[in-house]
1. Can you tell me how many residues within segment 52-84 are surrounded by 15 or more Cβ atoms within 10 Å (Cβ to Cβ) and farther than 22 Å from residue 152 by Cβ?
2. Of all residues in segment 131-168, which are surrounded by 11 or more Cβ atoms within 10 Å (Cβ to Cβ) and outside any helix (DSSP H, G or I)?
3. Just need a number here: residues in segment 81-107 that are under 22 Å from residue 142 (Cα atoms) and in contact (Cβ under 8 Å) with a residue 12 or more places away in the chain.
């Protein structure tokens with residue numbers, strides 16, 4: 001029985017179309033607007049400025065997505081890390097890649113806020129403060145999910161990019 005050597009990772013830079021990221025921006029902008037609308041319906045709007053700010057952010061994200069999807073012609077220059085755990089998981093099972101990344105992101109999100117709550121608020125008000133912090137910073141989890149989709153799209157567009165646009169960096 002032989003032990004397989006650890007595969008070293010390599011970084012590859014390549015050109016890709018901006019339309020997949022544009023579609024992701026449109027989807028997340030509309031999803032953010034719908035989630036915040038439901039939040040405002042359930043909990044009420046605290047200030048009009050807050051609602052305007054939320055919808056301005058959603059409109060800006062959606063508008064940027066429309067720009068990428070319909071009007072930008074210059075390709076993006078992306079870097080991917082090949083041979084690592086993310087890449088192997090993507091090649092093995094794409095749905096498992098998304099589920100694993102979401103679970104890992106959620107775990108990091110909750111653990112980091114738990115540690116911050118314990119450090120700054122102590123053990124006394126841990127449960128109550130953690131609930132308020134997770135509710136108040138929930139939009140950050142949506143931003144982390146957008147990053148997962150960008151990672152997915154990086155591998156997706158890498159496999160569909162022409163070989164001549166790829167350049168090994170490290």
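We did not get these values from a lab; they are worked out from the coordinates using the rules stated. Note that the coordinates shown come from a computational prediction; the quantities given were computed from them, not determined experimentally. As a convention, Cβ positions derive from the backbone with ideal geometry for all residues, glycine included, and neighbour counts pool all protein chains shown.
1. Within segment 52-84, residues that are surrounded by 15 or more Cβ atoms within 10 Å (Cβ to Cβ) and farther than 22 Å from residue 152 by Cβ number 3.
2. Those that are surrounded by 11 or more Cβ atoms within 10 Å (Cβ to Cβ) and outside any helix (DSSP H, G or I): 137, 161, 166, 167.
3. Here the count works out to 9.
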